[in-house]
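Take a look at the structure set out below.
The values are calculated or read from the model by the stated rules, or taken from the named source; none is laboratory data. Since we're looking at a predicted model, the values are computed, not measured. Neighbour counts are summed over all protein chains in view; Cβ atoms, including those assigned to glycine, are modelled from backbone coordinates with ideal geometry.
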Amino acid sequence: MNKSAERSEKRIFIMDEEREKCQRIADAFSDLEDIGILVLNAGKYGFIKLLYYRFPDGFDNAIAYTDSRILFNDLWEDWICSKLHEIGVHTSAIALGYEEIFHSLSKEEQNALMDKRYYFAEKAGITEPFDTSCTAQKDTIIP
């Protein structure tokens, strides 16, 4: 193939079905924008998760996604970690890791947090089974 043909050839990085799934997932987790995480549709390149906005410099990090399952799991992890951080701050347990904060909660509180995973899956229209574990930075939360 010559160079002009290579330039004119369109490369697709994300399939239409995955783009639709990723858009529903991004919409389901749109509240993460409140903590400085924004997910944007980057067209044929997939979805971009922008992390930790700081004025006037912008976002500190960007991660690209073309797989809806990975996007869902990463946004779930961001959500659960933000909630555990919030709980840690309010209970003076912030020095603990996320797993310790999680296990310090009552079973009802733990279940309520973990049930949100199903809430987000339903909101995003995800019907296939998914892994229910949560890797929170260095800690692993097992319901």
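In region 68-88, the residues that are assigned to a helix (DSSP H, G or I) reach residues that are among the basic types (Lys, Arg) and surrounded by 18 or more Cβ atoms within 10 Å (Cβ to Cβ) with C-beta atoms within less than 8 angstrom, at least six apart or across chains, in these pairs: Ser68/Lys21; Leu71/Lys49; Asp74/Lys49; Leu75/Lys49; Trp76/Arg117; Ile80/Arg117. Give the residues of region 29-47 that are more than 10 Å from the chain's Cα centre (by Cα), among the hydrophobic types (A, V, I, L, M, F, W, C) and surrounded by fewer than 21 Cβ atoms within 10 Å (Cβ to Cβ), sorted by residue number. Once the filter is applied, which keeps residues that are more than 10 Å from the chain's Cα centre (by Cα), among the hydrophobic types (A, V, I, L, M, F, W, C) and surrounded by fewer than 21 Cβ atoms within 10 Å (Cβ to Cβ), region 29-47 yields Ile35, Leu40, Ala42.
Is one or more of the residues making up region 105-120 in contact with a strand residue (DSSP E or B) (Cβ under 7 Å, 6 or more places away or on another chain) and not in a helix (DSSP H, G or I)? There is no residue in region 105-120 that is in contact with a strand residue (DSSP E or B) (Cβ under 7 Å, 6 or more places away or on another chain) and not in a helix (DSSP H, G or I). For the structure I just gave you, tell me whether Ile101 is buried (at least 16 other Cβ atoms within 10 Å of the Cβ) and in a helix (DSSP H, G or I). When the stated conditions are applied, Ile101 passes them.
Residues checked against (1) at pLDDT below 95; (2) in contact with a helix residue (DSSP H, G or I) (Cβ under 7 Å, 6 or more places away or on another chain); (3) among the basic types (Lys, Arg):
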site	(1), (2), (3)
Val39	no, yes, no
Gly43	yes, no, no
Phe47	no, yes, no
Leu51	yes, no, no
Asp57	yes, no, no
Asp60	yes, no, no
Arg69	yes, no, yes
Leu75	no, yes, no
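For the structure I just gave you, tell me whether Asn41 is farther than 18 Å from Phe120 by Cα and either in contact with an Asp or Glu (Cβ under 9 Å, 6 or more places away or on another chain) or not hydroxyl-bearing (Ser, Thr, Tyr) (or both). The answer is yes for Asn41.
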